[in-house]
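Comments concern the structure below.
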């Protein structure tokens, strides 16, 4: 009997506990919620009793937010969300009213966390045809894919033609991001907005293809195929079979012996590309076949390199680029190598005009071990987006892989190839050194048109080895007499290593390096940007290089005023100007500018 009584008590206690839980967790919060719904409706009714002019007319619906009723003091106590100390949503909670059958009907929606009113509070569901993100090329036609369906909780299926308002315009002639907004409102005045984003871009391959039409490459002297990539300037040659874009450097970057070009490109040239720019390059096989002198007009290639990121243009490229007048953007003002050697000892160079016996020719055959210009050729991914530029010389296509520096930026955070202005000269960044100094090279020689200093090594009996300690040498004069033309105090004293060769100046074959501490020096034959600068003007000037040999034939590196490197002995009476290399101090700060040739960085 006692056991049965105890069991009954336990059952009763359990029922009571469950009942209390149901009450406190379910019934009581719901009763409070319903009471708050009624309180909200009553507040809205009082509002309109005192503001009857704001009641909607016709079939229109008017909405009052919970927040508005609080602000206007029609409600005083907060509506709290159950199970938390949080408040019901002031903006999402509302009362809507409209006239139905001659009377005003009120609809209440209260959003209190887990508890929400059952009245329709969401706008129609809009489903679009096609993608919500579309990308078009400049000049493409945009045709809106349209609306698939519009469905509402209360109104059911709605006619897209009448239920949706479409706003927005896509101007495919102008690059940019455009939005098309689709808006639908149901009978409860719940609104939904869906956005389709249309991005109009310049894809480099599409621009080239549209410009070339049925051709595969540019010819003659085009004015709209200029590119700036990794702070270096290029011309667009054309498209490959995969619609990638073939670029060729717009200037000789350095002067290198023909058999050493691949090595120099891999060791010096490619490392100067920014990491972002490298991601835009495509490996390819470049034309590199043996060409006899009688076959120099050929336009067919029968031999290629292994896949590489860069090489030099071929005889084929030059021939394909010739205009009707024989001119070509592939023929530079300087002497520049083309691939397609005659044999292991002889190779071809090209330039815009030859003199003497080679006048009127497109190519000139010379010793492969001479140092002539290198204008690398690369291949750019065809789907690369153009972010600026129109392809002109003053506004080349660019791809956003480098950003210009802001005022106050340290110069030693910048990139090779960028330009600065100081002392009235344009300089180009060559390297940023590990000690924080920035190695720069003047674009032009020291002085002005009426005063171009010439330097020479005056001792006729000794060799001409580059030595800034020898007072009668051009090396000493460059380091010690340049202060007449520029403020040398902006440069740090820096240790340089000067290559010395045994007989000929050959890339990678220096027999030793002499170290000197200087502020200014001449560039090496194989330094980036050490070839005669094309962008400065056609009135460039001769200058010394630091490469020398121990040969008694006085072999030294220099560039003539027509851009031809000196490859043999230098007579005692030869003198040249100075494009100087210096190391700007690590605290050097940029004030303004874009880092381009036309808008170089100014220094504080």
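The values are calculated or read from the model by the stated rules, or taken from the named source; none is laboratory data. Just so we're clear, the structure is a prediction, and the values are computed from it rather than from any experiment. Glycine gets a Cβ as well: all are built from the backbone with ideal geometry, and neighbour counts include every protein chain shown.
A few notes on this one:
- Set 359, 354, 363: member being in contact (Cβ under 8 Å) with a residue 40 or more places away in the chain and either touching a strand residue (DSSP E or B) at 6+ places or on another chain (Cβ under 8 Å) or farther than 28 Å from residue 430 by Cβ (or both): 363
- Residue selected from the stretch 442-467 under the condition in contact with a strand residue (DSSP E or B) (Cβ under 9 Å, 6 or more places away or on another chain) and outside any loop (DSSP other than H, G, I, E, B), by the criterion modelled with the highest pLDDT: 442
- Residue in the stretch 255-266 that is touching a helix residue (DSSP H, G or I) at 6+ places or on another chain (Cβ under 9 Å) and at pLDDT 95 or above present: yes
- Residue check for residue 545: at pLDDT 85 or above, farther than 18 Å from residue 255 by Cα and surrounded by 20 or more Cβ atoms within 10 Å (Cβ to Cβ): no
- Condition check for residue 164: without any contact (Cβ under 8 Å) to a residue 40 or more places away in the chain, in contact with a helix residue (DSSP H, G or I) (Cβ under 6 Å, 6 or more places away or on another chain) and farther than 30 Å from residue 403 by Cβ: no
- Residue check for residue 313: at pLDDT below 95 and closer than 30 Å to residue 203 by Cα: no
- Residue within the stretch 386-406 that is closer than 30 Å to residue 257 by Cβ and in contact with a strand residue (DSSP E or B) (Cβ under 6 Å, 6 or more places away or on another chain) present: no
- In the stretch 329-342, the qualifying residues are those that are part of a loop (DSSP other than H, G, I, E, B) and touching a helix residue (DSSP H, G or I) at 6+ places or on another chain (Cβ under 6 Å), and the one that is modelled with the lowest pLDDT is 340.
- Checklist (1) at pLDDT 95 or above; (2) crowded, with 22+ Cβ neighbours inside 10 Å applied to residue 351, failing item: (1)
- Residues of the stretch 385-420 that are within 17 Å of the chain's Cα centre (by Cα), surrounded by fewer than 15 Cβ atoms within 10 Å (Cβ to Cβ) and on the phi > 0 side of the Ramachandran plot: 400 alone.
- Meets criteria (assigned by TED's automatic domain parsing to the domain that holds residue 375, surrounded by 17 or more Cβ atoms within 10 Å (Cβ to Cβ) and at positive phi) for residue 326: no
- Only one of the listed residues (471, 497) is under 22 Å from residue 434 (Cα atoms) and free of Cβ contacts under 8 Å to residues at least 24 places away in the same chain. That residue is 497.
- Residues within the stretch 301-320 that are within 24 Å of residue 270 (Cβ to Cβ), more than 27 Å from the chain's Cα centre (by Cα) and surrounded by 18 or more Cβ atoms within 10 Å (Cβ to Cβ), tallied: 6
- When the strands (runs of 3 or more DSSP E) confined to the stretch 119-202 are screened for residues that are touching a strand residue (DSSP E or B) at 6+ places or on another chain (Cβ under 8 Å) and closer than 30 Å to residue 58 by Cβ, those reaching at least 1 such residues are found at 125-128, 147-152, 156-158, 164-167, 176-185.
- Against the numbered list (1) in contact with a strand residue (DSSP E or B) (Cβ under 6 Å, 6 or more places away or on another chain); (2) crowded, with 16+ Cβ neighbours inside 10 Å; (3) closer than 24 Å to residue 185 by Cβ; (4) touching a residue at least 60 places away in the same chain (Cβ under 8 Å), residue 64 comes up short only at (4).
- For the stretch 76-103, the set of residues classified as closer than 16 Å to residue 117 by Cβ and assigned to a loop (DSSP other than H, G, I, E, B) consists of 79, 81, 82, 88, 89, 90, 91, 92, 93, listed by residue number.
- Put simply, of 304, 372, 309 the only residue that is within 25 Å of residue 563 (Cβ to Cβ), touching a strand residue (DSSP E or B) at 6+ places or on another chain (Cβ under 8 Å) and not assigned by TED's automatic domain parsing to the domain that holds residue 559 is 372.
Here's the yes/no breakdown for (1) surrounded by fewer than 17 Cβ atoms within 10 Å (Cβ to Cβ); (2) modelled with pLDDT under 90; (3) more than 30 Å from residue 187 (Cβ to Cβ):
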residue: 15; (1), (2), (3): yes, yes, yes
residue: 53; (1), (2), (3): yes, no, no
residue: 74; (1), (2), (3): no, no, no
residue: 97; (1), (2), (3): no, no, no
residue: 104; (1), (2), (3): yes, no, no
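- Residues satisfying the stated conditions in the stretch 269-292, i.e. surrounded by fewer than 19 Cβ atoms within 10 Å (Cβ to Cβ), farther than 21 Å from residue 373 by Cβ and in contact with a strand residue (DSSP E or B) (Cβ under 8 Å, 6 or more places away or on another chain): 282, 283, 285
- Taking the stretch 213-237 as the range and being in contact (Cβ under 8 Å) with a residue 24 or more places away in the chain and on the phi > 0 side of the Ramachandran plot as the test, the residues that pass are 220, 230, 231.
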